[in-house]
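What follows draws every value from the coordinates through simple rules; no lab data is involved. What you see is a predicted model, and the numbers here were worked out from it, not measured in a lab. Cβ coordinates were reconstructed from backbone atoms using ideal geometry, including for glycine residues, and neighbour counts include every protein chain displayed.
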Amino acid sequence: MRPLLVLFALMSIARAELDLKPLETWLARQKTLQSLDADFVQERKLPSLKKPVTTPGRMRMVRPGKLLWELGKPVKTLAVSDGATMTLLDVAKKRGKKIEAGSPEARQFTLLSDESFRDLASFQQAFELVESRMSGGIYQLTVRPKDKAMRKNVSWMFLDIDTASQELRAMALELDDKTRIRTVFSNAKINPKIDPAVFTPDTAGYLMK
């Protein structure tokens, strides 16, 4: 019993020593971020595969809650949220489904447009802060969702924040089946004008659930 108490004490000390200043500075910038257009490369590691699957894509976002996530070039998968409903489309198979934007499955895509990224207090309400470190000017933060329903889908989240530009360089999610999805962003355009029509997907010809 005593070793277990010592372990909990050490964990508490480690969490108390988290450097939150880089996170707070980055979140302060998020208050001015209303829209985002960025390219990305997504790496998906599955326990059943020896090599990760790498796919390019593009993300467009307008706060609050609107998102277009295009995976593949040409696009193979679409995730589109209008703030109330998330539409997931398999372009190749012409199949799709609609789910609530607030569901854990949808929030895997819409986390960055979430209100929890508005300030440090909101972030700490949504996430348990586990570990932080600096590596070559990149602030790396490990967190866990506090919401039980969300945690059933996303066990861990990892953020890489460039402390010089205050930009998010990468975000990784570890799912409940141990799949890890790491998204590395590039060519980010802050607060561009984005046509609202892109958040209303054309589902003509799709078999929808």
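Label-to-label distance for N187 and T55 is 1.8 nm, based on points extended 7 Å past Cα in the beta-carbon direction. Full extension of the segment from E24 to D195, taken as 0.36 nm per residue of separation minus the current Cα-Cα distance, would add 58.5 nm.
When T183, T142 are sorted by how many other C-beta atoms sit within 10 angstrom of their C-beta, beginning with the fewest, the order is T142, T183. For S155, the residues 5 or more places off, or on other chains, whose built amide H falls under 5 Å of its own are E174, L175, D176. Over the chain, what is the percentage of antiparallel beta bridges among all DSSP beta bridges, to the nearest 5? So the antiparallel bridges amount to about 95 percent of the total. Cross-link reach is defined here as a Cα-Cα straight distance under 13 Å, omitting same-chain residues fewer than 8 places apart; for K193 the aspartates and glutamates meeting it are D37. Taking the chain as the reference, fit the longest principal axis to its C-alpha atoms, fit the long axis of helix 21-30 to the helix C-alpha atoms, and give the angle between the two in degrees, 0 to 90, nearest 10. Approximately 20 degrees, to the nearest 10. Based on DSSP H segments of at least four residues, each scored -39500 (n - 2.57), the chain has a per-residue ellipticity at 222 nm of -6000 deg cm²/dmol.
For the residue pairs K73/K93; K31/K66; K45/K146; K31/K189; K51/K94, alpha carbon separations beyond 18 Å are given by K45/K146; K51/K94.
Of all the options L49, L71, L23, the one that moves most in a Gaussian network model of the chain with Cα springs shorter than 10 angstrom is L49.
Per residue of the stretch 63-68, in order, report the coupling 6.51 cos²θ - 1.76 cosθ + 1.60 (Karplus, θ = phi - 60°) as ³J(HN,Hα) in whole Hz, putting x for Gly and Pro. Once θ is set to phi - 60°, the couplings for the stretch 63-68 become 7, x, x, 8, 8, 10 Hz. Per residue, the convex hull spanned by the Cα atoms of the stretch 113-205 measures out at 163 cubic angstrom. If you take every residue apart from W156 with its C-beta less than 11 Å away from the C-beta of W156, what net charge results, scoring Lys and Arg +1 and Asp and Glu -1? Once positives and negatives cancel, what remains is 0.
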